[in-house]
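The values are calculated or read from the model by the stated rules, or taken from the named source; none is laboratory data. Note that the structure is predicted; figures quoted are calculated from it, not measured. Heads up, the Cβs are rebuilt from the backbone with ideal geometry, glycines too, and the neighbour counts pull from every protein chain shown.
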């Protein structure tokens, strides 16, 4: 409850994490790749979702802060982009239907606790198509919020293969690219 209140209050102004632009890592990933279906987890005001939609992706964005979703919808209208923005909670993903070819998480997973992290993994294993990419930005701290390198890989190892990890110069944050593995008996 306090977590929700903290984030909701931050959106009364402009949260420090809301740059209004998609991260360069998202731009680099999407550039030159064929568009598909994308899920923007904790989409905030929609900068990444709107960028992806402009690049031809069919995008669903989810955030639990209604004001952030209102601003995201406004951003999409202004840009002439079609994005399905939804107010919803992670890791429940109520009403979200896959399969997605890409999931993007810029700072959501590292704010979740243990049981919610397991729910997140299970939900993404269900929502992402085999071979889909999962891009995650996370703080690497052992403090909250944070998820240290190694712990994230262990969390996702059952369903995802680490493709790339880039830890920033000071070691406080990292970008990860995971690939959704094919489960035994699953059709591709």
Within the range 114-145, considering residues that are touching a helix residue (DSSP H, G or I) at 6+ places or on another chain (Cβ under 9 Å) and farther than 17 Å from residue 41 by Cβ, the one surrounded by the fewest Cβ atoms within 10 Å (Cβ to Cβ) | 142
Name the single residue, out of those in the range 76-92 being crowded, with 19+ Cβ neighbours inside 10 Å and modelled with pLDDT of 95 or more, that is nearest to residue 145 (Cα to Cα).
-> 85
What number of residues within the range 149-165 are in contact with a strand residue (DSSP E or B) (Cβ under 9 Å, 6 or more places away or on another chain) and without any contact (Cβ under 8 Å) to a residue 40 or more places away in the chain?
-> 10
Out of (1) without any contact (Cβ under 8 Å) to a residue 12 or more places away in the chain; (2) assigned to a helix (DSSP H, G or I), the one residue 94 does not meet is (2)
When every residue in the range 5-27 that is in a helix (DSSP H, G or I) and either touching a strand residue (DSSP E or B) at 6+ places or on another chain (Cβ under 7 Å) or surrounded by 12 or more Cβ atoms within 10 Å (Cβ to Cβ) (or both) is compared, the one modelled with the lowest pLDDT is 9
In the range 127-135, is there at least one residue being within 20 Å of residue 100 (Cα to Cα) and either free of Cβ contacts under 8 Å to residues at least 12 places away in the same chain or assigned to a helix (DSSP H, G or I) (or both)?
-> yes
Just for the range 93-106: of the residues that are surrounded by fewer than 17 Cβ atoms within 10 Å (Cβ to Cβ) and touching a strand residue (DSSP E or B) at 6+ places or on another chain (Cβ under 7 Å), which one is farthest from residue 53 (Cα to Cα)?
-> 95
Do you know which of the residues in the range 31-50 that are at pLDDT 90 or above and over 14 Å from the mean Cα position of the chain (by Cα) is farthest from residue 131 (Cα to Cα)?
-> 31
